[in-house]
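The values are calculated or read from the model by the stated rules, or taken from the named source; none is laboratory data. As the structure is a prediction and not an experimental result, all values here were calculated from the model. Cβ placement follows ideal geometry from the backbone for every residue including glycine, while neighbour counts extend to all protein chains displayed. The accessibility values were calculated without ligands, DNA or RNA, using every heavy atom of the protein model including side chains. Shrake-Rupley method; radii C 1.70, N 1.55, O 1.52, S 1.80 Å.
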Amino acid sequence: MTLKPVRVGICGLGTVGGGTFNVLTRNADDIARRASRPIIVEQVGTRRDNPQCETAGVKVTRDVFEVARNPDVDVLVELIGGYDVARELVMTAIENGKHVVTANKALIAVHGNEIFQAAHEKGVIVAFEAAVAGGIPVIKSLREGLGANRIQWLAGIINGTGNYILTHMRDEGRAFDDVLAEAQALGYAEADPTFDVEGIDAAHKLTILASIAFGVPLQFDRAYTEGISRVTAEDVEQADQLGYIIKHLGISKRTEKGLELRVHPTLIPKERLLASVHGVKNAIAVMGDAVGPTLYYGAGAGAEPTASAVVADLLDVARDITTEHHYRVPYLAFSGIDEADGSLPILPMEDIVTAYYLRLLAVDRPGVLARVATILSEQGISIEAIIQKEATEGELVPIILMTHRTREQYMNQAIRQLESLADIAGPVTRIRVESLDEQE
Ligand code: HSE
């Protein structure tokens, strides 16, 4: 049985908007068979035409708010990005009784609680698969496929641009700015690429994943965010020699005291599957108590991979449009923000527990290593490995340390004391280390 078409208004015809328009039109027959009804583009709202989209025969407006108020549009697809106009657009669409599909991670991470509340009151769907990890259906997997599990931790490479930069810098010895420019030209980077390299984009996505995995409200402002701009070639090489690779990870872990929510460069053992995720690819490892370890891998950015997720959401809307709101899958997997697990506060960074890689430059004289070891032991930090390199900078020798797991607070104190030693030159480099042990 073929039902009446679902009419879509696409707002934004840039990289993702253009990809969505093209996938929807190119695969219209298969999509209609899957949805049991056609999904048609009723209107496009865009400031600029996209030469890669054949929009002849489709209504095009320069005013996206016209789409949000158009009585012939059932679903508004928000692909304009950013916070403020996007928020107003989505809220206007909801007020007008429209379902919403968005790829906007910043919008969901920062304004999601408010948007879901408004959508719930109106009885409309808000779907956002494309907001996290481009084309990988990780939201659906976490929200529905892993619904039986108590999630223990998740860790992911969730910014394609950052991974693209780290990969090409390591493999080709190219400069940071050069690779970033390439990622921008390929349409992977955010409008403001500091969102990619400083970890803000990854923190938006991690906030969303953690909310769905652990049943807590969206709390972007509690996420710890550290970018890749201070990762040096020397650290990449030292990590390699120690059997590790440096990846920019978003990590969220359930602990007895609360939830860790952090984005930072991380040493991971080379044999982990995440260590083999290169270029613009993303991957998210999720540990559930029943299923054990699972891994979700694919393109994390780009026009059609992201469109793949947008259109999958449109299919869900088309299937659920006649379902009573109460029976639909909850936005964040757990029904009702009020029922979210209040026993899981987001932990301050000082309370997280992890292992560390430290690199320091020391004056080459007797007793320095002993003083370093004493400071660490006074903070209860156990050393796993210590390497003293050949002197490279005058009298100074690099010392590389790997520690066992400890609280960040103790490491902060140790680093402060190490930096105050007369024998230590300059700041101590600290990179967190995760075993991603499947038993943890
Ligand atoms: N700038 C983002 C990235 C795009 O590089 O991953 C996809 O969200």
Checklist line | Neighbour-limited loop hits for GluC sites (Glu not before Pro), the range 268-347 (at most 12 other Cβ within 10 Å; DSSP other than H, G, I, E, B) | finding: Glu271, Glu324
Checklist line | Percentage, to the nearest whole number, of Cα pairs in the range 44-110 over 21 Å apart | finding: 22 percent
Notebook entry, point to check: What are the residues whose amide H is under 5 Å from the amide H of Thr406, where those residues sit 5 or more places off or on another chain and H is modelled from the backbone?
Noted result: Thr354, Ala355
Check: At a 1.4 Å probe radius, carbon and sulfur cover how many percent of the accessible area of the range 142-299?
Finding: 50 percent
Check: Just in the range 52-99: which trypsin sites (Lys or Arg not before Pro) are loop by DSSP and have at most 15 other Cβ atoms within 10 Å?
Finding: Arg62
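Which translational diffusion coefficient, to the nearest whole µm²/s, is obtained for the range 142-299 from the Stokes-Einstein equation, given a Kirkwood hydrodynamic radius over C-alpha pairs, 10 °C and 1.306 mPa s? Write out the running numbers ahead of the final one.
On the way: Rh = 16.0 Å.
Reported coefficient: 99 µm²/s.
How charged is the neighbourhood of Val8? Take every other residue with its Cβ under 9 Å from the Cβ of Val8, and add Lys/Arg as +1 and Asp/Glu as -1. It would help to have the intermediate numbers written out before the result.
Working: positive: Arg7; negative: Glu42, Asp74.
Value of the local net charge: -1.
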Checklist line | Size descriptor, Kirkwood hydrodynamic radius, that averages inverse alpha-carbon separations across the range 19-71, Å | finding: 12.1 Å
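In the chain, which helices (entire DSSP H runs) extend 20 Å or more along their own long axis, judged by Cα positions, while averaging at least 0.0 on the Kyte-Doolittle scale?
Details: long enough: 105-122 (22 Å, -0.09); 200-214 (21 Å, 1.27); 303-320 (26 Å, 0.42).
Correct list, ordered by number: 200-214, 303-320.
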Margin query: Normalised radius of gyration for the range 351-433, please: alpha carbon Rg relative to 2.2 N^0.38 Å, two decimal places.
Written below: 1.01
Checklist line | Sorted peptide list for 174-186, 400-412, 272-284, 9-21, criterion being average Cβ within 10 angstrom, highest first | finding: 9-21, 272-284, 400-412, 174-186
Checklist line | Simple label model, 7 Å out from Cα along Cβ direction - Asp192 to His326, nm | finding: 4.3 nm
Item checked: Coordinate range along principal axes, alpha carbons of the range 223-262, Å, largest first -> 35, 22, 11
Checklist line | Projected area, mean over directions - the range 399-440, Cα convex hull, nm² | finding: 3.5 nm²
Margin query: Could you tell me the extents of the range 71-210's C-alpha atoms along the three principal axes, largest first, rounded to whole Å?
Written below: 53, 37, 22
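Using the heavy atoms of the protein chains alone and a 1.4 angstrom probe, what is the accessible area of the chain per residue in square angstrom? Intermediate results must be reported in sequence, preceding the final value.
Working: 18710 Å² over 440 residues.
For the chain, the per-residue accessible area is 43 Å².
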Notebook entry, point to check: Cβ under 13 Å from Gly147's Cβ, Gly147 left aside: what net charge do those residues give with Lys, Arg +1 and Asp, Glu -1?
Noted result: +1
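If the viscosity is 0.890 mPa s and the temperature 25 °C, what Stokes-Einstein diffusion coefficient in µm²/s follows for the chain when Rh is the Kirkwood radius over Cα pairs?
On the way: Rh = 23.1 Å.
Diffusion coefficient, whole number: 106 µm²/s.
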Notebook entry, point to check: What is the gain in length, in nm to one decimal, between Asp30 and Lys59 on full extension, counting 0.36 nm per residue of separation less the C-alpha to C-alpha distance?
Noted result: 8.1 nm
Check: If you project the alpha carbons of the range 250-377 onto their three principal axes, what span does each projection cover, largest first, in Å?
Finding: 77, 38, 25
